[in-house]
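First the structure, in the form of structure tokens, and then the observations on it.
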Amino acid sequence: MSKRERKFQVRDSPAVRNGRYKDVGILLIQCYVAWTGISSARSISFSYGLGYGLSLYQLGGRQNSQSLAFFKCLIICFCKDLQPRCSLQGQGTTTMNKSGDKKIRVGIIGANPDRGWAAEAHIPALKSLSDDFEITALSTSRRESADAARKLFGVPVAFDNYQDLVNRADVDVVAITVKVPYHLELATAALNAGKAVYCEWPLGNGLKEAETLAALAKKKGVLAVAGLQARSAPSVAYVHDLIKQGYVGGVLSTSLIGSGMGWGPTVEPFNAYTNYKKNGATMLSIALGHAADALCHCLGEVRELSATITMRRKSFMIKGTGESKHMNADDQVLVSGLLEGGAAFSIHYRGGVSRGTNLLWEINGTEGDLQLTAAGGQAQIFEMTVRGGKGAQSSLEVLPVPEKYRWSPPQGASTNVAQAYALFARDYREGTHLCPTFDDAVTRHRMLDAIETAAATGQRQTLG
């Protein structure tokens, strides 16, 4: 054999051809995966199989029978996946909406049948958007509650552990609706399983956990959204656009005062954990965190701030039992500073419920003023009324929110969650950035961390 022939043999060996055809196979499979949504592991297997089969066929002779066997297996697998309503690994079906898009299949962790945010908000929200979503699985921490939830909410399967849920082939998105201390563990499991994630706010128990989850979501390349749904409220979306359109002119200042609603003299037994700072579900992180996110969504991020935090109530009572417990979470938070555009801002949140104002947010500009009010200080839950005035007007008037800002049916406490899910569907299908991502959640956690640092040190903090 000549040197040239040996060189050609190496260059065109089965191994080389296998690699070359494998590359072609990968391109074909990537297109297929983007269309059908099969897992990356299965797509890699198809790619190698296709490349190897093409190599055998190229060799000719008796290897052709082997290549044909490979192609036969691949075609069978492809055809099974292409059936629009087929069973996926024996785990449910893929259904289509009226527009011909596949419905987004959601598995909910923390679907307690008796109470909780899943039952109160996530499940009603998803069911109101049935053209985009279907709930295919639930999980709780006990077999009895899992079975009860499955029957109550009419969901095909339910588990007493989260691992079975995140590994389901018929779950595209994992919604995490449990207490904050468990967010890191559960969101990590879902991301490692390659699932898109909707995690309730706060994202983590502190800034470090939030940063860890955001980094993992980026590494996995999946859609990861935090439940900062106040910015999805129709009134907030409307005000966001009014500011952008110049309704108030240049923004001079903004002030927000709100009641925590919780963190008062009495608390429901299942919410007692929020009165302990170690659990990460304080008035600062929840009530102020949601309201501050809406404020920054409309007006821009914080550039610098000072803060005062104090705990005025030393104890609280468990509702129904009268049992007194020691308070271990601040119930007064005051923040002031400058936004990135130079406007002054101030926020004051008080624990409990006020007999006067429970939510008042004003935006003052060179040409006009806007005001948002609500019966409760939880901006992510209570519907806000918008008032405004500009130019020659001497007082404010109600500005009805246009219907174009209502992306889901009104439904009380779950309205803004449904609004967020409506945007999530677009982000999931179109690759837009309408929902607050884990990176956005980290930005908010950094603001909260700066508030705590400013209050503890007495020193003004600079962000960004």
It is to be established whether one or more residues within segment 266-279 are on the phi < 0 side of the Ramachandran plot, in a loop (DSSP other than H, G, I, E, B) and in contact with a helix residue (DSSP H, G or I) (Cβ under 9 Å, 6 or more places away or on another chain). no
Note: among A237, A214, just one is assigned by TED's automatic domain parsing to the domain that holds I381, crowded, with 19+ Cβ neighbours inside 10 Å and not in a loop (DSSP other than H, G, I, E, B), namely A237
Write out, first by first residue and then by second, each pair whose Cβ atoms fall under 7 Å of each other, whose residues are 6+ apart or on separate chains, and whose first residue, in segment 365-392, is among the aromatic types (F, W, Y) while the second is modelled with pLDDT of 95 or more. F382/L359; F382/A374; F382/A375; F382/G376
Please go through segment 398-410 and give me each residue that is buried (at least 16 other Cβ atoms within 10 Å of the Cβ) and either farther than 15 Å from V386 by Cβ or in contact with an Asp or Glu (Cβ under 6 Å, 6 or more places away or on another chain) (or both), ordered by number. W407, S408
As an exercise: evaluate Y421 against (1) in a loop (DSSP other than H, G, I, E, B); (2) touching a residue at least 12 places away in the same chain (Cβ under 8 Å); (3) not hydrophobic (A, V, I, L, M, F, W, C) and give the number of the one condition it does not meet. (1)
Within segment 147-176, work out how many residues are surrounded by fewer than 24 Cβ atoms within 10 Å (Cβ to Cβ), assigned to a helix (DSSP H, G or I), out of contact with any Pro (no Cβ under 6 Å at 6 or more places or on another chain) and not acidic (D, E). 5
Of the conditions (1) in contact with a Ser or Thr (Cβ under 7 Å, 6 or more places away or on another chain); (2) in the same structural domain as A237 (by TED's automatic domain parsing); (3) in contact (Cβ under 8 Å) with a residue 60 or more places away in the chain, V398 satisfies every one except a single condition; which number is it? (3)
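The values are calculated or read from the model by the stated rules, or taken from the named source; none is laboratory data. This one's a predicted model, so the numbers in the text were calculated from it and none came from an experiment. Heads up, the Cβs are rebuilt from the backbone with ideal geometry, glycines too, and the neighbour counts pull from every protein chain shown.
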